[in-house]
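Below: one structure, written as structure tokens.
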Amino acid sequence: MFDTSILLQILWTGIATATYGVLLAAAFSLVLKVVKVWNFAQAGMMGIAYYTLYVCLQKAALPAALALGIAVLVTIGAALLIDTLGLRTFRRRKSPSLTYFIFTLLLSELVQYVLAMIFGTEPVSLAATVGSASTMIAGVIVSRWDVTAMLSTLACLAVLYVVLRRTRYGKHMTAVADNPELSQLYGMSVARIYALTFALAALLVVAAMYLFGTRASMVPETPLRMMLAAVIAALLGGMDNLIGAALAALFLSLLQSFSVLFIPSAWQGLILYALLFITILFFPRGVKLPRRNARRKPAAAAAPSTA
Amino acid sequence: MKAVRRGVLRAGAALVLCSAVWAGSAAAAEPLPFGLALPMTGSQALFGADQAKAAQWAVDDINAKGGVNGRPLKMVLLDTQADPRQGINAVNRMISVDKVPVFGTAWSSVVKSVAPIANRSQTLELSVGANSPEIARLGDYVYTTYPLADVDIRALAKYSHDTLKKQKAAVLYIHNDSGVEGARIYRESFTAAGGQVVAYEAYDEQSTDYTGALLKVRAAQPDIIHIQGLVADLPQVITQLRRLGISQPITTYSAGYNPTIVKQLGAAGEGLIVSSLAPSPELSPTVAKFVERWQSTEHRVPNGLPYTQYLYDMPYLIADLYKHVLDSGKPVTGATIRAAMVSTGKFDLPMTGMLEVLPDHRVNKPVYLYQVKDGKFVALATVK
């Protein structure tokens, strides 16, 4: 069972199937970092993105690029509505965190219900067939979907990195994440930054759901179940660390994939729940990896006297 | 005076005679009601509405031929939304307001939730389409007309060993109630037939990557692989099996008898063997006419064809039960309708053939096996 080709196959497929989880974790973590909201409405956005793609691709037979464009517009629209009509109201009222949590969760449940009423509960896929061409390389089966998923995910993460680190709005997002009041004083429009954050998250969600739907099928309640992995990844990776969340999502996927070598496959789902408890209890601020170049500690004179 | 009295007497006699005839014909025309509780709205309406239509067609066809002893059947259709609470409301209403002595329903959760009402009120409940094995144990007044989950699985296991001569089987199953139960039944049946189950792997119902479990199956080198999954995961499991170079024949139960699955599988679906609990149009001219009727009126095939076949047959079964009770002269109650079903035992139904109701509340039906060839289901065998 521990043959090298088997281990490599599990590794390769584990990385490939982690791709949409990585994008979803990055989207969740982005909103958490900038807007400081546990955005459980992301499940609703996922459902809207998926079924928009389904209508465009399967019902209207539109080309993939056009379908993706429409799904991006619809999902961004939904995300902005959530922010404008819901979250902004709570921010104005200075509502407690629990209000955001209840609102976003109920919104996702409502979207799930409406999607079930419209599309039923039969599983639907975005692709006509769920298989894709594959070839064997060094004893490992590599499919076209695997390569497409990995390259797309890397491209999305690269774009996200460039936007956050190299663009003006990206730097504003970092500033607002650190201190929204101060950023406002410096002339940044916090409301616009929040809207941009939701728009970026929507882009990642559409990409993730497209990858998922071209490999598997979905029913309206699937997004809420997928959210668990995104939440755990955000917790494990550190609540303000997008790269950490993405790496955590990859780790979770590989852990589940390799676990079947040691435990019955039926128990794979338990791993997520076990990790959730371990993370909350022992890593409430995420797993901190040691930095390569440690920063100099601030001067001792800055510390208050304890005499 | 005598003539007047004679005239009045004659008129009175004529009036009494007319009243008797009128009363007799009114009783003769009084409809025979039965209930049908199905999801007509909500996420399952896609199937529920078609099943209700099939049942209504059967009622119309029966009544067009004179009904039952000259009396028309009347279907009381109420919506359950496939929700147990709505099912309870619907059944309570059809029993207390519409006074039906028998009703049909579907969707396992609804069948189970209304069973206590059927038992308490002594109204016969017919489960048509749900296949949870628990249905056989829901009480005296609950019977299934649709084979429960074990019938086609046992047939598949036996066929794989006895006809296809496979000695080693691998079983892959989804880790939920129906997957666990179905896999257990397959393992028992295949072993009882003389075979050996060399791999027995479950997969999580939320998983989309089955590589680990599939590699374990590959390492066990089975002759045949049986998958006990759901419509949502079957295409992914089969595709990933083939992608990993696992080329053994694959069987699955009636959930796989779905043109959508075959379409999603593409070339990976070739050779797949599935079971069905109702004959296809190719095997039955009656079913072929049914499908043509559907095409001409609805311009499509029915959603879930085997289930619509069973729903079409249900009014015919109820008509037989009513006839039995009326011919015996007994009053029509749930108890007498139930007794009629138990004593008759076998019913020859137009769409699905012979139905044998067993004392343990299960039914015996033939199992039809199909194989995917060139993207279509082709009849392979009938297992009785």
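Things to note:
- Relative contact order (%) - the stretch B:193-333, alpha-carbon pairs under 8 angstrom, separation at least six: 15
- Percent of Cα pairs exceeding the 43 Å cut-off, where the set is the protein assembly as shown: 38
- With R₀ set to 35 Å, the beta-carbon distance separating residue A:99 from residue B:184 gives a calculated FRET efficiency near 0.15.
- Environment charge of residue B:78, counting only residues whose C-beta is closer than 12 Å and scoring Lys/Arg +1, Asp/Glu -1: -1
- Helix B:285-298 and the longest principal axis of the Cα set of chain B meet at an angle near 80°.
- Helical segments meeting 20 Å axial Cα length and Kyte-Doolittle 0.0 threshold in chain A (DSSP H): A:4-34, A:64-81, A:97-119, A:144-166, A:190-213, A:222-237, A:242-259, A:268-282
- The modelled label-to-label distance for the pair residue B:65/residue B:205, using points 7 Å beyond Cα in the direction of Cβ, is 4.1 nm.
- Leading residue at positive end of dipole, the stretch A:38-112 (Cβ point charges), from A:90, A:38, A:52: A:90
- 0 to 90° range, to nearest 10: angle between helix B:177-192 axis and chain B longest Cα axis: 70
- Helices in chain B, meaning DSSP H runs of at least 4 residues, each add -39500 (n - 2.57). Divided by all residues, the mean residue ellipticity at 222 nm is -15000 deg cm²/dmol.
- Remark: mean inter-chain Cβ contacts per residue of A:4-11 equal 2, using a 10 Å Cβ-Cβ cutoff to other protein chain atoms.
- Taken residue by residue and averaged, Cβ atoms of other chains lying within 10 Å of the Cβ of A:260-273 number 5.
- Inverse mean reciprocal Cα-Cα distance (Kirkwood Rh) of the stretch B:18-160, Å: 16.3
- The stretch B:244-378, Cα convex hull volume normalised per residue, Å³: 137
- Pairs of Cα atoms nearer than 8 Å and 6+ residues apart set the relative contact order; for the stretch B:253-384 it is 30 percent.
- Take the Cβ atoms of residue A:162 and residue A:66, set R0 to 30 Å, and the FRET efficiency comes out at 0.75.
- In this structure, the residue pairs whose Cα-Cα separation is over 22 Å, taken from B:289/B:376; B:158/B:365; B:330/B:365; B:263/B:384; B:346/B:376; A:59/B:373, are B:330/B:365; B:263/B:384; B:346/B:376; A:59/B:373.
- With R₀ set to 25 Å, the beta-carbon distance separating residue A:151 from residue A:258 gives a calculated FRET efficiency near 0.60.
- Based on the Stokes-Einstein relation at 25 °C and a viscosity of 0.890 mPa s, and on the Kirkwood radius from alpha carbon pairs, the stretch B:107-209 is assigned a translational diffusion coefficient of 161 µm²/s.
- Based on Cα contacts under 8 Å between residues 6+ apart, chain B shows a relative contact order of 16 percent.
- The stretch B:112-141 and the stretch B:261-312: distance between their alpha carbon centers, rounded to Å: 27
- The overall shape of chain A, judged from the alpha-carbon gyration tensor, is oblate: a/c is not under 1.5, and a/b is no greater than b/c.
- Of the trypsin sites (Lys or Arg not before Pro) in the stretch A:78-159, those whose Cβ has at most 15 other Cβ within 10 Å and which sit in DSSP loop: A:94
- When the Gaussian network model of chain B links Cα atoms closer than 10 Å, the mean-square fluctuations of B:305, B:164, B:156 top out at B:164.
- Of A:223, A:180, A:123, the one that fluctuates the most in a GNM where chain A has Cα springs shorter than 10 Å: A:123
- Straight-distance crosslink candidates among aspartates and glutamates, where the alpha carbon sits under 19 Å from residue A:171 and sequence neighbours closer than 8 are dropped: A:181, A:240
- Overall Cα dimensions of the stretch A:87-221 - principal axes, largest extent first, Å: 58, 41, 20
- Dividing the helix sum by the residues of chain A, where each DSSP H run of 4 or more adds -39500 (n - 2.57), gives a mean residue ellipticity at 222 nm of -22500 deg cm²/dmol.
- Within the protein assembly as shown, antiparallel bridges make up roughly 40 percent of the DSSP beta bridges whose residues both belong there.
- For chain B, the convex hull drawn through the C-alpha positions has a volume of 152 cubic angstrom per residue.
- Cα gyration tensor shape of the stretch A:116-173, rounded if a/c is under 1.5, else prolate or oblate by comparing a/b with b/c: oblate
- Taking GluC sites (Glu not before Pro) as exposed when DSSP calls them loop and at most 14 other C-beta atoms lie within 10 angstrom, chain B has its longest site-free stretch at B:1-269.
- Derived scalar couplings ³J(HN,Hα) [the stretch B:39-56; Karplus, 6.51 cos²θ - 1.76 cosθ + 1.60; whole Hz; x for Gly, Pro]: x, 9, 9, x, 5, 9, 4, 3, 8, x, 5, 5, 5, 5, 5, 4, 5, 5
- Dipole magnitude for the stretch A:108-247: computed about the Cα centre from +1 point charges on Lys and Arg Cβ and -1 point charges on Asp and Glu Cβ, it is near 480 debye.
- Helix axis angle, B:234-243 relative to chain B longest principal axis, alpha carbon, degrees: 20
- Unit charges on C-beta of K, R, D, E only; dipole of the stretch B:35-142, Debye: 240
- Exposed chymotrypsin sites (Phe, Trp or Tyr not before Pro) absent: longest stretch of chain A, with sites in DSSP loops and at most 13 other Cβ within 10 Å deemed exposed: A:3-185
- Candidates B:102, B:180, B:171: whichever shows maximal mean-square fluctuation once chain B is modelled as a Gaussian network with Cα springs under 10 Å: B:180
- Where a label projected 7 Å from the Cα of residue A:225 along Cα→Cβ would reach, residues of the stretch A:117-148 with amide N under 14 Å: A:121-124
- Every Cα-Cα pair of the stretch B:305-384 was included, and the share exceeding 21 Å stands at 41 percent.
- In units of the compact-protein estimate 2.2 N^0.38 Å, the stretch B:183-311 shows a Cα radius of gyration of 1.22.
- Trypsin sites (Lys or Arg not before Pro) restricted to DSSP loop in the stretch B:34-76 with at most 15 other C-beta within 10 Å: B:65
- The modelled label-to-label distance between residue B:162 and residue A:4, using points 7 Å beyond Cα along the C-beta direction, is 4.9 nm.
- Label-to-label distance, residue A:113 versus residue A:189, with points set 7 angstrom from Cα along the beta-carbon direction: 3.5 nm.
- For residue B:76, the residues whose modelled amide H falls within less than 5 Å of its own, excluding neighbours fewer than 5 places apart on the same chain, are B:34, B:35, B:36.
Bear in mind these aren't lab numbers, they're just calculated from the coordinates by the rules spelled out. If you're wondering where the values come from, they're calculated on a predicted model, not measured in any experiment. Using ideal geometry, Cβ is built from the backbone for each residue, glycine included, and neighbour counts are taken over all protein chains shown.
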